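Worksheet for the structure shown next.
All of the numbers you see were taken from the coordinates with simple rules; none came from a lab. Please read these numbers as outputs of a predicted model, since none were measured by experiment. Reconstructed Cβ throughout: ideal geometry from the backbone, glycine too, with neighbour counts over all protein chains shown.
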Amino acid sequence: MGLRRREVLTGIAGAAASTLVARLGRAASGISATELGAGLVCVAGGGANVVALRATDGQLLVDGGSPSKSRELLDFLSEHGGGPPRMLFNTSWRDEHTGSNEALGAQRVQIAAHMNTKLWLGGDFDVDWEDRHYSPRPAVALPGMAFYTSGSLDFGGRKVEYRYLPRAHTDGDVAVFFPDVNVLAVGALLAVGAYPFPDYATGGWIGGLEAATRALLDATDSATKIVPAFGPTCGRAELEAQLKLCTAVKERVADAYRHGLSFKEFVATNPTQEFDAARGDPSLFLKLVHKGAWAHLRELGGVI
């Protein structure tokens, strides 16, 4: 009798969750949500993917979408339950991840990020490959919880782990893991169906991205759901594919420097030829890889 009751309750809970996710997916703004596990959803369409953990005392968000979509994103989260946001992780400093910092900071939501991300958000600098200048974000948008190393915390009775992966996409990248449902939000540390961009202007490079990808693989198993910055939830196969890409291209750019090749000569060797069909145009990726490797010649080995 007890077993039957549990089956009925489980069925009701599953049906309710399915109804909620279906309802979330009908947003007129193009923002939609996919359930990842108990109380955890991935919200797409507001910039970089946002992971929302719903707890009894509100929501914890991993990334906050882009500035232009912040209002729609926050309205969407508010309209579909879970309580107000109480905490926000920035997986990197870039706009598509930090677009809700101002709005949530003004509401005294705790913003958490690596210290380097906080420094970039408060900085005045140029990113040459974008031909863009970034001005300091207002004080209210800066992370109040800035850390240097990996750690964990409790949010509404749920364990949340944050992991610092240095000098990869940027020098302040963080992945956030929800161990009770085996979900890992990795932000721009993983690119699916496209080339990643190791942003040398703010501390990223191909060797760091290779090391970060390997570390993420070590932190996952065959059942882990991985949420990248863009695209659907995936698994270890996508990390394995990126590791293969990074390892191959890192060695090829090292070889180009060993032989004194210019950037044009490096591109002419078709260093991504076996990956282009799945990932598209490699032009920006190769520019970032080649210029970014210059600061890491000793690490590449055999160059100087």
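Remarks
- For residue 187, residues with placed amide H under 5 Å, excluding near neighbours: 229
- Backbone amide hydrogens, once placed in the peptide plane, bring residue 129 within less than 5 Å of nothing, excluding anything fewer than 5 places away on its chain.
- Normalised alpha carbon radius of gyration of the range 147-216 [divisor 2.2 N^0.38 Å]: 1.16
- A simple spin-label model places pseudo-atoms 7 Å from Cα toward Cβ; at residue 223 and residue 270 they are separated by 4.4 nm.
- Averaging the Cα positions of each part gives two centres, and for the range 150-187 and the range 83-124 these lie 15 Å apart.
- Efficiency of FRET from Cβ geometry, residue 182 and residue 128, R₀ 35 Å, rounded to 0.05: 0.30
- Cα convex hull of the range 228-283, projected area averaged across orientations, nm²: 4.4 nm²
- Near residue 275, once Lys and Arg are set to +1 and Asp and Glu to -1 for all other residues with Cβ below 12 Å from its Cβ, the sum equals 0.
- Bridgeable lysines around residue 287 (alpha carbons under 22 Å apart, same-chain partners fewer than 8 residues away excluded): 244, 250, 264.
- Shown for the chain is the translational diffusion coefficient from the Stokes-Einstein equation, using the Kirkwood radius over Cα pairs, a temperature of 4 °C and a viscosity of 1.567 mPa s: 64 µm²/s.
- DSSP beta bridge pairing in the range 33-188, given as percent antiparallel to the nearest 5: 75 percent
- Full-stretch length increase - residue 159, residue 284 - with 0.36 nm per residue and alpha-carbon distance subtracted: 41.2 nm
- For 111, 31, the sequence from fewest to most other C-beta atoms within 10 Å is 31, 111.
- Between the amide H of residue 111 and those of 88, 144, 145, distances stay under 5 Å, these residues lying 5 or more places away or on another chain, with hydrogens modeled in the peptide plane.
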